[in-house]
Amino acid sequence: DMLLIESLGRDVRQSVRTLAREKNFSLTVLLIFALCLAANVAIFAVVNSVLLKPLPFHDPHQIVLVSNSYPKAGVERAGASIPHYIERQEQMKDAFAEVAATRDWGATIGDAGSPERVEAAYVTPSFFRMLGANPALGRTFTEAEAVYGKNQVVVISDAIWRQRYGADPNVVGKTLRIDTAPCTIVGVMPADFRFLGHNPKIWSPLCFSEDDEKPQQRHANNMEMFARLKPGVTIARAQLELDALNTRMLKTDPYAKLVTDAGFHTVIRDLGDDSVAQLRPVLLLLQAGVLFLLLIGAVNLANLLLVRATGRAKEFCIRQALGAGRGQLARSLLTETLVLAVAGGVLGLGLGAAALQGILVLAAHQLPVHVAAALDWRVCAAALGASVLLGGALAVPVVWHTLHGNLTAALSVESRGGTTTRAVHRLRHGLIVAQIALALVLLAGTGLLGLSFSKLMAVKPGFQTENVLTGAIALPWSHYKEDKDRLAFVERLTQDLSVLPGVKSVGVSTGAPFTGGANDNATWIEGQTLAPGESLQAHFMSGVAGGYFQALGVPLLEGRYLDEGDSRSKTLVCVIDEDVAKRYWPKGDAIGHRLSHEPPGKDTKWFTIVGIVGAVKQNDLADQKKQGAIYFPFGTYTGLWFVVTVRTTQSPELAGPALRAAVLRIDPELPLDDLKTMKARVEDSVAGRRVPLLLAGIFAAVALVLAAVGIYGVLAYAVAQRQREIGVRMALGALPEQILRQFLGLGGRLLAIGLPLGLIGAWLAGQAMSGLLFGVKPTNPAVLGAAAAAIALVAMLACLLPSRRAALVTPVEALRSN
């Protein structure tokens, strides 16, 4: 054993000395290796954190999301209602060990004059128990505190504890002012506590009133429901029990027929899988891209190592003549390759760490808040393990080439000027073909993403994004309990903002596009009856005030806009968009008809349609569902939360301070939150597509460079190796253009093989990524053709320089250099 260790140590030292003498070769190999590995390290770190690591909760595989669905009404996921929550809590004890519910909200904290808006959540007392999450200080909520009147308690985050209380260990029992009401702090959560895509700063008890629990609220679906499965219970078993419960409860459901026609059912999903469902295809696409890049780099390295091994043929022949065995030579070559691989792996880890930080900055808002992507032991082990495996794989063709044939054959090859065997030529050419094909796949995939993104950005959102500033306001219920109080505030706000310098028009909406506030509700049309089995449809609904449509630039197609008088008029009116109009009145006679967001009855409020406006994208430019929107006067469809929309004659960002000051003048308790231009909101909505495109573009560019370098290297070496032969042919009358055609023809033949293989791979890759494309077919001929042309151009340019060098060789120079 000691002899073996000493022998290995001697081989390593010898390899380091040999590689140190060949600085250019060693640095080139290390750079290619490190660049390709760094890309894989950075992406795998994110994949590991998002897809491979379990959620940071106790037994996370037992936690599930329970959500209602009404697919025939256009609502795939609707959360859960309070009656459903109570029924499942009481009647599914065989399947669920614990159930919990949450509702996101925003809280205003701080004193008058300097209010601050923070992300918050209402949670049932069971929420923390279900997650197995314990507070760092104090306690969480008791069941007795989930009752109106006893719910003035709060659990705060580590960030609030440090920022507002200086990490005071005696903070429990102190008071925090939330929405103007004093609340007692009962606990502080640990700094690393996160829940999926949410990052609340405070948690309050979620309370249920008697009205909330009435049967009429069975499909209100205004919260998210979670459950912890009992040990041994599978999702499939729990789903069967829940389906049976839904069937039983539909017998007493006042809306049984309506929801059945809408396809009502409830889906249980694994929480971990569901939380990364949207990111999974993007991350797998990027991981596949960097693996292709690594393969291209490996092919390049294999060619470099083969070229180097051919140049050392005489050295190996002499070592064999002096008594070195084949095993010793093989071990020496393997050690050299592994030394390069490990050094490249370490360098790749360093570059990968830097690349990861760049990705995290780019994709900060696309990653779940509970994800902390980092180079943990799993990523480092995978990177170093891959380096060693790749080093071993790269050593195989080198060892085979070096030990192929006997000593006499090797010396005879050397004596004829260093030409290599046909097998080695075929191997090198095969590697170049693989490189061309792989680069084409990566380039075509990037082209498809780029064309898809350009088509997405060409989609008109239905409004004008230029010079529009938006901000959110949340009114505290304690001060604005009545609809008339909320309307009075909004009317004064629009009046005060409209006279500010540079403001062209001002509007308010309870659900402005790209703010996440749009709600969808079932709609009843007066005089229209549903066919048997036909479902009600849900449309986006919002209350608007001021010059909302003018501020956003939503075009009026027919009738009129809503005006200020409509909020106080006894005649109930509304405006619909063109998608709603086409659905119910395809002949174009929508004006004057009535609709409602309430089931028909003696107290139903029917709204007369007075205008039709253009359709607006609500949250996603790629959305093609045409769900439609209905707009009501704010006075008849109010909310405590709404968005202020201001169109300016100048840069919209400049109006921000004046808007904030105007709000504080009306009510010093209210902050203007989430201040952002509409253009920025739309751009943020496509960031999930822009970041993968940018990264894929970088990978494709590197792959193209590597392919060009690989082709150039092989042909340049072939010219140098055959310089004597070229000189002899020139002396015998061969023309320079014949020599040029010969080497360009070699590059053309390699292209002729590599391009069809690459096109097949690009077609398969396009099919795999079809779900990520918008308005582009996976087999888009323009993209495939452009990618093939780009590869061909780069490859032929890489062929041109060594081919010209061959054509310029003179017989005298060739024979003298030989």
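Below, the figures for the structure above:
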{"item": "Inter-label distance, nm, simple model (7 Å from Cα along the C-beta direction), Leu640/Lys602", "result": "3.3 nm"}
{"item": "Ranked by how many other beta carbons lie within 10 Å on average, peptides 33-43, 218-228, 753-763, 433-443 from highest", "result": "433-443, 33-43, 218-228, 753-763"}
{"item": "Overall Cα dimensions of the chain, principal axis frame, Å, largest first", "result": "105, 64, 57"}
{"item": "Percent antiparallel among DSSP beta bridges (both partners in the chain, rounded to 5)", "result": "80 percent"}
{"item": "Per residue convex hull volume, Cα atoms of region 473-585, in Å³", "result": "154 Å³"}
{"item": "Cα long-axis angle, helix 279-311 against the chain (0 to 90 degrees, to the nearest 10)", "result": "10 degrees"}
{"item": "Added length on full extension, which subtracts the Cα-Cα distance from 0.36 nm per residue, Lys626 to Thr260", "result": "129.5 nm"}
{"item": "Those residues of region 266-288 whose amide nitrogen sits under 19 Å from the label point placed on Ala382, 7 Å along Cα→Cβ", "result": "272-288"}
{"item": "Tilt relative to the chain, helix 781-807 - C-alpha long axis, 0 to 90 degrees, to 10", "result": "30 degrees"}
{"item": "Mean shadow area of region 411-530 over all directions, Cα convex hull, nm²", "result": "21.0 nm²"}
{"item": "All aspartates and glutamates inside 13 Å of Lys93 as judged from Cα atoms, apart from same-chain residues fewer than 8 positions distant", "result": "Glu241"}
{"item": "Carbon + sulfur, % of accessible area of the chain - ligands and nucleic acids excluded, 1.4 Å", "result": "59 percent"}
{"item": "Gain on full stretching of the segment that runs from Thr175 to Leu793 - 0.36 nm per residue minus C-alpha separation", "result": "215.5 nm"}
{"item": "Contact order relative to length of region 132-280, as percent, for alpha carbon pairs under 8 angstrom and 6 or more apart", "result": "23 percent"}
{"item": "Flagged links, alpha-carbon separation over 27 Å, of Lys72/Lys251; Lys201/Lys626; Lys251/Lys582", "result": "Lys201/Lys626; Lys251/Lys582"}
{"item": "Within straight-line cross-link reach of Lys504, lysines at Cα separation under 25 Å, skipping those fewer than 8 residues along the same chain", "result": "Lys460, Lys617, Lys676, Lys679"}
{"item": "Rounded to whole Å, sorted largest first: equivalent-ellipsoid semi-axes of region 65-173, Cα gyration tensor", "result": "31, 19, 13"}
{"item": "Inter-probe distance in nm under a simple model that places probes 7 Å from Cα toward Cβ, at Asn619 and Thr234", "result": "3.2 nm"}
{"item": "Between 0 and 90°, nearest 10: helix 736-768 axis offset from the chain longest Cα axis", "result": "30 degrees"}
{"item": "Solvent exposure of the chain as accessible area per residue, Å², 1.4 Å probe", "result": "45 Å²"}
{"item": "Length gained when the stretch Arg492-Arg10 is fully extended (0.36 nm per residue, less Cα-Cα span)", "result": "165.0 nm"}
{"item": "Helical mean residue ellipticity (222 nm; -39500 (n - 2.57) per DSSP H run of 4+; nearest 500) of the chain", "result": "-16500 deg cm²/dmol"}
{"item": "Cα centroid separation, region 655-687 to region 3-66 (Å)", "result": "46 Å"}
{"item": "Computed E for Glu558/Leu654 - FRET, C-beta separation, R0 41 angstrom, nearest 0.05", "result": "0.70"}
{"item": "Burial order of peptide ranges 506-517, 630-641 (average beta-carbon count within 10 Å, highest first)", "result": "506-517, 630-641"}
{"item": "Under 12 Å from the Ser478 label point (7 Å along Cα→beta-carbon), backbone N, region 165-207", "result": "176-184"}
{"item": "Label point distance in nm, Glu315-Leu800, each placed 7 Å from Cα along Cα→Cβ", "result": "3.5 nm"}
{"item": "Listed peptides 386-394, 574-582 by packing density, highest first (mean Cβ within 10 Å)", "result": "574-582, 386-394"}
{"item": "Table column - 3J(HN,Hα) (Hz), region 455-462, Karplus curve with 6.51, -1.76, 1.60, x for Gly and Pro", "result": "5, 5, 5, 7, 5, 7, x, x"}
{"item": "Alpha-carbon centroids, region 220-266 and region 122-162: separation in whole Å", "result": "27 Å"}
{"item": "Student exercise, region 498-587 dipole from Lys, Arg, Asp, Glu Cβ charges, in Debye to nearest 20", "result": "160 debye"}
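The values are calculated or read from the model by the stated rules, or taken from the named source; none is laboratory data. The model shown is predicted, which means the values in this text are computed figures rather than measured ones. Ideal geometry is used to build each Cβ from the backbone, glycine not excepted, and the neighbour counts take in all protein chains shown. Surface accessibility is based on the protein's heavy atoms, side chains included, excluding ligands, DNA and RNA. Shrake-Rupley method; radii C 1.70, N 1.55, O 1.52, S 1.80 Å.
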